[in-house]
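Report on one structure; see the data block that follows.
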Amino acid sequence: MNLLLSAYDRAYQKAARPLLFKRSAYDSHLALMNWLERADSSRMLIGLCRIMRRATMIPDPVTVGGVALPNRVMIAAGLVKGFGFDDEGMAQTAVERGENIIPGWRSMPALAGVVEFGSFTRWPRTGNPGTVVWREVKTRSTQNRIGLKNPGAKAAAAFFASHKSDLPPIFGINIAVSPGVTERAQEKAEALESFSAFLEAAVQPSWFTLNLSCPNTEDDPRGHQTAEKAAELSGALVKLIASCGKSTPLWLKVSPCLSEAQYAALIEAASEHGVKAIIATNTLGQPSPDDPAITAGVGGGRLHIPALEACASLLKAKEAQSSTVDIVACGGILDGASLSDFTNIGASASQIWSALVYRGPLAAAVIASEHLQAKQPL
Ligand SMILES: Cc1cc2nc3c(=O)[nH]c(=O)nc-3n(C[C@H](O)[C@H](O)[C@H](O)COP(=O)(O)O)c2cc1C
């Protein structure tokens, strides 16, 4: 680890984190959104963020799911996904007024590198009320039931289109299936409309992710992840992208704790329908700390083993089916060793969220550096 990065790591662990952890996880989350919103509008801060990233992130290029990435640690969906709105008109008006409806869109890529924006749903969502984020320090875990709060795909696309020249060179857009919609035809129509919003606005991500796993809405998370549904939606979306003259790769995102047979069927569906990568996994639905009757998604340390098992099942199926679908690891990657757990079994790249809480804003650089260091021959 270079000197600057180890000084940052020490300062975060010894000073910044204890201070931050005096506040509740939810208050810290709100403060972070505030900070990101302000940072996005400061040219000076953005410049500083870029300098910090370039000084700390060791290049480790890798091609995954049809995308050439500068290194193998990305920021997962869920951090940069924007404010919630009551309806599309209000979200669109905010964009027309020039408001920043997606805090972090400029500062997070500047500081942390590659970011997956979203999840965005077809319609805006205000998310769940009350406390919706928690941390469990002893296991370095997070738990949330934000409930897909976002401005909706159309307003998000319009927002990104209005900032096209300032978008990062590499980023993903994550679109979630509409929670609560059970009619397959409507669900497919809404997914297609969400993707169309970005394609028509000529917002060109490096990849699209279709998020099939929504543990923090009141939907059954597993109900979204049948191979049949993955096949139908992926096939239609890949065709839509091609019909717009684009070759943007499509990735899928799935839950932990599905059966081995279900992961194998998902690999088969993905391979058949032109999906380039599967992100495994989203959070694990568990009773929330404040009310055991309500589910909230666990990330970080407590997700590590279930996510690792999910990746192992997917990789086993990939090999058995001679599939070219790449596996992007996500779940409890908090240091170089937990990243190695995934790369050792064949995951091509990784995404992090909870590590931003436990290792701070330069978590991607710290983890990538620890991982590379562990690979160096002694
Ligand atoms: C507060 C929060 C919000 C999240 N929102 C989303 C989301 O909107 N879409 C999504 O695909 N994943 C979302 N996630 C899941 C993360 O992308 C990631 O899959 C999960 O946290 C596991 O990674 P981790 O163990 O590094 O936290 C969210 C996670 C957190 C902690």
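The values are calculated or read from the model by the stated rules, or taken from the named source; none is laboratory data. All of these numbers come straight from a predicted model, not from anything done at the bench. Neighbour counts run over all protein chains shown; Cβ positions are idealised from the backbone, glycine included. The protein model used for the area step is the full one, side chains on, heavy atoms only, and it has no ligands, DNA or RNA in it. Shrake-Rupley method; radii C 1.70, N 1.55, O 1.52, S 1.80 Å.
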Handout entry: Extreme residue, farthest from the chain's Cα centre (by Cα), among residues of region 137-155 that are in a strand (DSSP E or B) and hydroxyl-bearing (Ser, Thr, Tyr)
Key = SER141
Problem - Scan of region 142-158 for residues that are among the basic types (Lys, Arg) and either surrounded by fewer than 24 Cβ atoms within 10 Å (Cβ to Cβ) or within 25 Å of SER196 (Cβ to Cβ) (or both), ordered by number - result: LYS149, LYS154
Problem - Subset of region 235-272 [without any contact (Cβ under 8 Å) to a residue 60 or more places away in the chain, part of a loop (DSSP other than H, G, I, E, B) and within 27 Å of GLY331 (Cα to Cα)] - result: THR248, SER255, CYS257, LEU258, SER259
Exercise for the section: Might you let me know whether region 165-186 holds any residue that is in contact (Cβ under 8 Å) with a residue 40 or more places away in the chain, within 14 Å of the ligand (Cβ to nearest atom), under 20 Å from VAL67 (Cβ atoms) and among the polar types (S, T, N, Q)? Expected result: yes
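Here's the yes/no breakdown for (1) over 25 Å from ASN71 (Cβ atoms); (2) at pLDDT 95 or above; (3) assigned to a helix (DSSP H, G or I):
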{"residue": "ILE278", "(1), (2), (3)": "no, yes, no"}
{"residue": "ALA293", "(1), (2), (3)": "yes, no, no"}
{"residue": "VAL298", "(1), (2), (3)": "yes, yes, no"}
{"residue": "CYS311", "(1), (2), (3)": "no, yes, yes"}
Handout entry: Count - residues of region 104-135 that are within 12 Å of the ligand (Cβ to nearest atom), touching a Lys or Arg at 6+ places or on another chain (Cβ under 7 Å) and open to solvent by 20 Å² or more (accessible area, probe 1.4 Å)
Key = 3
Practice task
Return a yes/no flag: does region 105-121 have any residue that is among the hydroxyl-bearing types (Ser, Thr, Tyr), assigned to a strand (DSSP E or B) and in contact (Cβ under 8 Å) with a residue 12 or more places away in the chain.
Solution key: yes
Fill in the blank from the handout: For region 1-53 the number of residues that are under 20 Å from ASP166 (Cα atoms) and outside any helix (DSSP H, G or I) is 2
Problem - Condition broken by ALA158, with the remaining ones in (1) part of a helix (DSSP H, G or I); (2) touching a residue at least 60 places away in the same chain (Cβ under 8 Å); (3) more than 21 Å from ARG97 (Cα to Cα) satisfied - result: (3)
Fill in the blank from the handout: Considering region 136-169, residues that are touching a Pro at 6+ places or on another chain (Cβ under 7 Å) and aliphatic (A, V, I, L, M), and then whichever is modelled with the highest pLDDT, we arrive at ALA155
Problem - Subset of region 296-320 [open to solvent by less than 60 Å² (accessible area, probe 1.4 Å), away from the ligand (no atom under 12 Å from the Cβ) and not hydrophobic (A, V, I, L, M, F, W, C)] - result: SER313, LYS318
Practice task
Can you confirm whether region 239-250 contains a residue that is touching a strand residue (DSSP E or B) at 6+ places or on another chain (Cβ under 7 Å), of a type in the set (D, E, K, R) and modelled with pLDDT of 95 or more?
Solution key: no
Exercise for the section: For residues that are among the β-branched types (Val, Ile, Thr) and open to solvent by 10 Å² or more (accessible area, probe 1.4 Å), scanning just region 321-344, find the one that is farthest from the ligand (Cβ to nearest atom). Expected result: THR324
Fill in the blank from the handout: Within region 348-362, the residues that are closer than 21 Å to THR63 by Cα and open to solvent by less than 10 Å² (accessible area, probe 1.4 Å) are ALA349, SER350, GLN351, ILE352
Fill in the blank from the handout: Restricted to region 84-95 and to residues being within 13 Å of PHE159 (Cα to Cα) and surrounded by 21 or more Cβ atoms within 10 Å (Cβ to Cβ), the residue nearest to the ligand (Cβ to nearest atom) is ALA91
Exercise for the section: Look through region 206-231, keep the residues that are modelled with pLDDT of 90 or more and within 14 Å of the ligand (Cβ to nearest atom), and return whichever of them is surrounded by the most Cβ atoms within 10 Å (Cβ to Cβ). Expected result: THR209
Exercise for the section: Return yes or no: is SER141 of a type in the set (Gly, Ala, Ser) and within 11 Å of the ligand (Cβ to nearest atom)? Expected result: yes
